[in-house]
Amino acid sequence: MQLSRLVHPRDSRTPVLVALMLAMALIAMDTTIVATAIPQVVSDLGGFALVGWVFSIYLLAQTVTIPIYGKFADIYGRKPILVIGSVIFLVGSVLSAFSWNMLALILFRALQGFGAGAIGATVNTLAGDLYDIRERGRIQGYLSSVWGISAVVAPTLGGIFAQYTSWRWIFLVNIPIGAIALTFIVRRVHEDVEHHRHRIDWVGAVLLFLAAGLGMFGVLQGGTSWPWWSVPSVVIFVAAGLSGVAAVRVERRAAEPIMPMWLWTKRITAGSYVATILAGLAVIGLSTFLPTWAQAVGGLTPVAAGFVLGTMSMSWPIASGLSSRLYLRIGFRDTAIVGAGFAIASGVVFVQVRQDSTIWLAVLGSVLMGAGMGLITTPLIVGLQSMVTWSQRGVITGGAMFSRFLGQSLGAAVFGAITNLVLLRHLETTPADLRGIVPSSVDEVSRALLGHPSPAAQEFMRSALQASTHAVFLGLLAAGVASLLVLLVVPRHFPTVEEAPSEASAAGGTTTPQAATPDRAVPVDREASAAGEAGDARGHRPSEAG
């Protein structure tokens with residue numbers, strides 16, 4: 001099979017790729033489809049004060065378990081972890097559909113999150129096993145397209161279910177999708193895993209879970225449930241810090257650490273992860289606040305505002321799919337730098353957006369941001385996967401996915417705090433003749449605009465929202481510049497190793513971990529072949545280039 005013919009109907013890996021895309025769709029659709037039906041959920045179950053936890057608990061459970069599942073995928077194989085995670089997610093979906101109150105829904109959403117962590121950790125890892133370095137860029141493009149399609153389809157489905165049937169179908173729709181994915185995975189994925197005794201670092205896993213969980217909990221709740229400098233915030237972050245220090249000490253001594261320290265001590269991996277965190281931060285900032293600007297300031301309908309943001313979801317998979325042509329010529333780091341350039345250009349465009357700006361300026365910024373994200377995240381994850389053999393691919397991929405979701409959590413907190421601060425300061429300067437018409441609280445501004453206030457009040461509130469979103473756009477520009485600076489620290493040349501495909505894996509639908517055949521270096525950039533001895537067939541720790 002020619003490497004340029006990546007997804008051909010006769011390629012027996014195609015059913016597995018379809019299964020991976022369907023599994024990815026489960027977690028890609030989740031947040032947006034649930035958000036659309038939240039008013040109906042609250043009307044049925046009550047508990048409006050707890051509604052934020054429907055999303056927070058899911059994101060928390062998903063993110064903190066990704067590194068743990070990544071390690072388990074290296075120990076037990078990708079297939080069992082993906083199957084178990086999918087089953088957990090589907091069980092959580094069924095239970096969520098039959099929730100009898102808001103607290104029950106939150107608990108079952110946590111169960112869904114634990115399953116989503118396994119899916120997020122193993123889908124990209126298994127794709128890296130099945131396809132070689134020249135193919136992975138385009139395959140990442142297919143997987144990225146799932147998020148773009150879901151951004152359009154999921155809210156539509158959620159609205160249809162909430163309006164014409166029942167909100168419970170937003171969870172039950174996962175069952176047929178997951179069943180098809182599981183069928184293909186069980187039947188078509190075959191792994192030859194060498195089973196031997198492992199000394200699983202359970203203490204390290206618990207400490208990592210606590211450190212990441214408490215840290216994310218503090219970030220998600222700080223500034224909303226309590227002030228940032230309050231006693232609860234200090235206690236939570238101190239506990240997270242102590243758990244993190246303890247986790248580092250345990251992981252350094254562990255025979256088989258859950259998250260090896262070299263992931264965060266070598267420039268090539270740590271720099272890639274930090275750049276991924278910044279990418280996740282930028283994405284969530286734009287995804288959260290661009291629709292608000294488009295509707296409240298730009299005067300667009302919700303559908304039109306969704307289109308403005310949706311252009312990012314269109315350019316992202318296109319750039320991701322085309323990235324392989326670039327990184328095979330100039331290398332992974334330099335391709336990511338090109339992506340950072342697009343992200344910076346996007347930030348510059350958004351900073352120019354004003355109340356009277358044409359909406360096409362925002363569309364241009366959104367397209368540029370999508371292209372930048374595709375050229376940052378895909379080369380970095382493919383480059384990291386190509387540095388190691390099968391036995392470490394789950395850990396290194398899990399670290400990348402963990403970084404992406406961590407960045408989104410940090411972005412939601414940071415940009416939310418910035419928006420609230422700027423908006424609150426503008427509301428404090430409300431003219432005397434508008435007091436009583438213009439709300440004094442941040443949460444009421446968007447609702448007040450929908451209530452058709454007087455032209456003067458409407459203009460004041462729009463200017464306040466314009467100022468707050470402008471601050472977010474400045475933050476997007478800063479994130480793009482920061483990602484560029486971080487990438488300049490990353491070594492230019494990734495030491496790539498590639499397992500020689502066995503007859504089974506060449507036939508497709510089969511992965512052969514810890515193959516007996518030696519790794520062959522794949523010259524991705526000018527010095528890759530010289531660095532190709534960075535790992536061996538047992539996945540020894542890769543050396544750093546540069």
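Each stretch of four or more DSSP H residues adds -39500 (n - 2.57); spread over every residue of the chain, this sum gives -25000 deg cm²/dmol at 222 nm. Taking the average, over residues, of other Cβ atoms within 10 Å as the packing measure, peptides 286-292, 390-396, 258-264, 175-181 rank 390-396, 286-292, 258-264, 175-181 from highest down.
Coupling constants for segment 154-164 follow from the phi torsions by the Karplus curve (6.51 cos²θ - 1.76 cosθ + 1.60, θ = phi - 60°), and in residue order they are 4, x, 5, 4, x, x, 5, 5, 5, 8, 10 Hz; glycine and proline get x. From most to least packed by mean Cβ count within 10 Å, the peptides 98-110, 456-468 give 456-468, 98-110. When the Cα positions of G70, G52, A97 are compared along the charge dipole of segment 1-158, G70 comes out farthest toward the positive end, with charges on each C-beta of Lys, Arg, Asp and Glu. Placing dummy labels 7 Å off each Cα toward the beta-carbon, the span from L424 to V203 is 4.3 nm. Explain nothing, just the number: relative contact order of segment 1-125, from Cα pairs under 8 Å at least 6 residues apart, as a whole percent. Relative contact order of segment 1-125: 33 percent. Between the amide H of D192 and those of T511, distances stay under 5 Å, these residues lying 5 or more places away or on another chain, with hydrogens modeled in the peptide plane.
Say R0 is 35 Å: what FRET efficiency, to the nearest 0.05, do A478 and T301 get from their beta-carbon distance? My answer for the efficiency is 0.70. Amide hydrogen proximity for W228: with H placed 1.01 Å from N in the peptide plane, the residues at 5 or more positions away or on another chain lying under 5 Å are G223. Here the Karplus relation 6.51 cos²θ - 1.76 cosθ + 1.60, evaluated at θ = phi - 60°, turns the backbone of segment 470-483 into coupling constants of 4, 5, 5, 5, 4, x, 4, 4, 5, 5, x, 5, 4, 5 Hz, with x for every Gly and Pro. What is the percent of Cα-Cα separations in segment 82-217 that go past 22 Å? Result: 53 percent of Cα pairs exceed 22 Å.
Amide H contacts of F494: F332, R333, each under 5 Å away and 5 or more positions distant or on a separate chain (H built 1.01 Å from N in the peptide plane; Pro and chain starts excluded). Note on segment 391-431: Cα Rg divided by 2.2 N^0.38 Å, N the number of residues, gives 2.00.
Computed across segment 180-323, the Kirkwood radius stands at 19.7 Å (inverse of mean 1/r, all Cα pairs).
In order along segment 304-314, the phi-based Karplus estimate (6.51 cos²θ - 1.76 cosθ + 1.60, θ = phi - 60°) of 3J(HN,Hα) comes to 5, 5, x, 5, 4, 6, x, 5, 5, 5, 7 Hz; Gly and Pro are listed as x.
A straight chain from A179 to V348 at 0.36 nm per residue would run longer than the Cα-Cα distance by 56.4 nm.
In vacuo Debye scattering of the chain, one point per C-alpha: log10 I(q)/I(0) at q = 0.07, 0.08, 0.11, 0.12 Å⁻¹? Normalising to I(0) and taking log10 leaves -0.39, -0.51, -0.99, -1.18. Inverting the pair-averaged 1/r between distinct Cα atoms of segment 1-154 gives 16.5 Å as its Kirkwood hydrodynamic radius.
A short reminder: the numbers here are calculations on the coordinates, not readings from a lab. Just so we're clear, the structure is a prediction, and the values are computed from it rather than from any experiment. Backbone-built Cβ (ideal geometry, glycine too); neighbour counts: all protein chains shown.
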